[in-house]
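Chemist: Quick one: the structure is below, and I'll ask about it shortly.
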Amino acid sequence: MRTFDVAIIGGGIIGTSIAFELAAEKLRVIVLDRQQAGREASWAAAGMLSPSPHRPQDVPLVPFAKESLRIYPEFGAAIENESGKSICYDCPGLLEIFIDSRGETERDGMIVEHRALGLIVEPISIDEARRREPELGESATSAAWLPDEATVDPRLLMDALVTAARLRGAEILSDCGASALLYDGARCTGVLTSADKIFANHVVVAAGCFSGGIALHNSRQTGKTLALSQYAPAKPVRGQMLALRPKGKSIRRVLRSREGYLVPRQDGRVVAGSTLEDAGFEKCVTPGGLSQIISGVRKLWPAFDEAAIVETWCGLRPGTPDDLPILGPTDIKGLIIATGHYRNGILLAPASARLIREWITYGKSNFDAQRFSPLRFLDRQMQRQSAM
């Protein structure tokens, strides 16, 4: 039996970033992960740092995403300085490409929406797009330039972040999943693992799509448990990816369309993605998924056909009923949720970690994150019950 100030369930980008922030406050922090830290959605990510909304339901996330992008250089520099390792942060901008006959209309509509949200974007001609990216496919009809969008290498980021958090004093345990949370009827008091009981003043659940399956065990009422799904109804959304090694000239910056994206890595590879699949917890690469990716990105970059596929993989993103993250305290003292970041975990890590740090150290946050509260799902359940 051991005691900490904060126990964090989940060693992905969100959980480890929270540990990194809290350890700087000289708090005793432990991170528990069911496998090797950072090897789920964080490992599978493309690494685009893009606050742009892709669908109407993404719009409420934009202010939070913009704030996270703003503080990313500081966040990344702190990790690199602490760990001595590079995360390959780069801000080359992004080309949004429109391919069909309605491309210009769609592009202009996107620009109006983005500018209304305070996002910097400008229309450019296809000739200018090809000047910036000579390998751009002939199918492109219109383009927009987003100069503030950046990238990191998620695998290098996770390696550096785990090292940095440990050097700051956080304890990170792999192959140590949470069997249940401990609850004494008044507050959450810790975590039960297969090997030990860990007591903590605060417990942060950052277990991605696995968060809702964790039980809350009431030690005062033997056998009584409560599933965390009422606060964290996260579900797995499978995303398949592939990496290519170009034989000739490559691309210099991210190319993105409605059908897919290409992200160049500093090691010369190009990452292509991705699928969005409701496949439960089945984590595997499929011919159909890879075919979908290939079909979408070869229009952006015809040299794709000559490149060698050097790796394929997939991850399980944590989706939520409204596609927004779940961040903040619950109505159980000591229990905080930090999950449901869906496709934006890498981008939102700095702001999410700062929010959780502020809630734990000050009891409040300077950023209005009420829209992301885990209590919103309880409120909806109560509304449905009162309507019956």
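Please treat every number below as a calculation from the coordinates, not as lab data. Small disclaimer: the values here were computed from a predicted structure and weren't measured. Because the Cβ atoms are built from the backbone with ideal geometry, glycine has one as well, and the counts that use them run over all protein chains shown.
Chemist: Using the alpha-carbon atoms, what tilt in degrees (0 to 90, nearest 10) does helix 103-116 show relative to the longest principal axis of the chain?
Modeler: Helix 103-116 sits at roughly 40 degrees to that axis.
Chemist: Using Cα-Cα distances under 8 Å and only pairs 6 or more residues apart, what relative contact order does the chain have, in percent?
Modeler: 23
Chemist: For every other residue with a beta carbon closer than 12 angstrom to the beta carbon of residue 102, add +1 if it is Lys or Arg and -1 if Asp or Glu, then tell me the sum.
Modeler: Neighbour charge sum, excluding residue 102 itself: -2.
Chemist: Taking K and R as +1 and D and E as -1, what net charge do the other residues with C-beta under 11 Å from the C-beta of residue 82 add up to?
Modeler: +2
Chemist: Can you list which of the trypsin sites (Lys or Arg not before Pro) found in the stretch 247-352 are DSSP loop residues with at most 11 other C-beta atoms within 10 Å?
Modeler: For trypsin sites (Lys or Arg not before Pro) across the stretch 247-352 that sit outside H, G, I, E and B with at most 11 neighbouring Cβ atoms in 10 Å, the list reads 247, 249.
Chemist: May I ask for the distance between the Cα centers of the stretch 1-70 and the stretch 116-177, given as a whole number of Å?
Modeler: 16
Chemist: Please list the non-local residues whose amide H lies under 5 Å from the amide H of residue 150, H modeled 1.01 Å from N, same-chain partners needing a gap of 5 or more.
Modeler: Correct list: 49.
Chemist: Hey, if you put +1 on the Cβ of every Lys and Arg and -1 on every Asp and Glu Cβ in the stretch 21-168, which of 143, 49, 77 ends up farthest toward the positive end of that dipole?
Modeler: Most positive-ward Cα: 77.
Chemist: To continue, here is another question. Return the Rg/Rh ratio of the stretch 1-46 with Cα-based radii and a Kirkwood Rh.
Modeler: We get a ratio of 1.02 for the stretch 1-46.
Chemist: Sticking with this structure for a sec: Assign unit charges at the C-beta atoms only (+1 for Lys and Arg, -1 for Asp and Glu), then state the dipole size of the chain relative to its Cα centre in Debye, rounded to the nearest 20.
Modeler: In total the dipole reaches around 860 debye.
Chemist: Give, as a single signed number, the net charge of other residues whose beta carbon lies under 12 Å from the beta carbon of residue 274, with Lys and Arg counted +1 and Asp and Glu -1.
Modeler: It works out to a net charge of +2.
Chemist: Round to the nearest 10 and give me the degree value, 0 to 90, for the angle of helix 375-387's Cα axis relative to the longest principal axis of the chain.
Modeler: The helix 375-387 is inclined about 80 degrees to the chain.
Chemist: Run the numbers on the stretch 163-302 and let me know its relative contact order in percent, using alpha-carbon pairs under 8 Å that are six or more apart.
Modeler: 16
Chemist: Using +1 at the C-beta of Lys and Arg and -1 at the C-beta of Asp and Glu, which of 296, 62, 125 has the Cα lying farthest in the positive direction of the dipole of the chain?
Modeler: 62
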